[in-house]
Amino acid sequence: MPHSYGTRARTRHMFAKPFRKSGLPNLSQYLMDVKVGDYVDIFCDPSIHKGMPHKHYHGRTGIVFNITKSAVGLRVNKLVNGRIIEKRIHVRIEHIRKSNCQKEIIARKAANEEAKKKARETGVKVNLKRQPGQPKEAYFLQNPGGEGAEITTIQPLPFSDLV
């Protein structure tokens, strides 16, 4: 059999819905609120063939630059021959999801603004930089036998060849 180079070649699992999840998308997918500048994940819905992006973009994150009646224009980075090119593609609304990639950054910004406001009121300097995970504090392990119980030290036996 000749080798296939079609647009949907080698997408057997990529464009397959999970078990008992077949059928058309929910109405909430069509009513999804999308604005210019939002981060969205491209996730192809195999039940809708129209407006489906190329398999390369499946699972990628893009930024919305245009909104039309039934589709969304996205800016997506693509690695081509060792350089990253910003591609502009239009994808129907069924094939995108809201991205959570900025959720942690937005939460940290809000927490930093709150900390800065509190620092201005109290006059205390606050460090807003992220810190790496610090080692645990040292502690003494309690004697398992209770207070005053004797601790037994176990020594290994020397090796003896019993042939």
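The values are calculated or read from the model by the stated rules, or taken from the named source; none is laboratory data. Computed from a predicted structure; not experimentally measured. Cβ coordinates were reconstructed from backbone atoms using ideal geometry, including for glycine residues, and neighbour counts include every protein chain displayed. Surface areas here come from the heavy atoms of the whole protein model, side chains and all, with no ligands, DNA or RNA. Shrake-Rupley method; radii C 1.70, N 1.55, O 1.52, S 1.80 Å.
Some observations on this one:
- Looking only at residues in segment 96-137 that are of a type in the set (S, T, N, Q) and over 22 Å from the mean Cα position of the chain (by Cα), the one that is nearest to residue 25 (Cα to Cα) is 112.
- Only one of 150, 94, 113 that is open to solvent by less than 90 Å² (accessible area, probe 1.4 Å) and charged (D, E, K, R): 94
- In segment 29-43, the count of residues that are at pLDDT 95 or above, of a type in the set (Lys, Arg) and open to solvent by 40 Å² or more (accessible area, probe 1.4 Å) is one or more.
- When segment 78-91 is filtered for residues that are surrounded by fewer than 10 Cβ atoms within 10 Å (Cβ to Cβ) and more than 21 Å from the chain's Cα centre (by Cα), the ones remaining, listed by number, are 80, 81, 82, 83.
- Failed item, numbered, when residue 10 is tested on (1) open to solvent by 100 Å² or more (accessible area, probe 1.4 Å); (2) under 22 Å from residue 88 (Cβ atoms): (2)
- Positions within segment 29-70 being closer than 13 Å to residue 101 by Cβ, out of contact with any Asp or Glu (no Cβ under 6 Å at 6 or more places or on another chain) and in contact (Cβ under 8 Å) with a residue 40 or more places away in the chain, in sequence order: 38, 39, 40, 41, 42
- Annotation: residue 90 fulfils all but one of (1) in contact with a helix residue (DSSP H, G or I) (Cβ under 6 Å, 6 or more places away or on another chain); (2) not in a loop (DSSP other than H, G, I, E, B); the unmet one is (1).
- Looking only at residues of segment 47-77 that are over 22 Å from the mean Cα position of the chain (by Cα) and of a type outside the set (A, V, I, L, M), we find that the one that is surrounded by the most Cβ atoms within 10 Å (Cβ to Cβ) is 51.
Matching residues to (1) without any contact (Cβ under 8 Å) to a residue 12 or more places away in the chain; (2) on the phi < 0 side of the Ramachandran plot:
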site	(1), (2)
82	yes, no
90	no, yes
144	yes, yes
161	yes, yes
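- Selection from segment 13-28 of residues that are among the hydrophobic types (A, V, I, L, M, F, W, C) and surrounded by 10 or more Cβ atoms within 10 Å (Cβ to Cβ): 14, 15, 16, 24
- Qualifying residue in segment 123-145 (condition: touching a strand residue (DSSP E or B) at 6+ places or on another chain (Cβ under 9 Å) and open to solvent by 50 Å² or more (accessible area, probe 1.4 Å)): no
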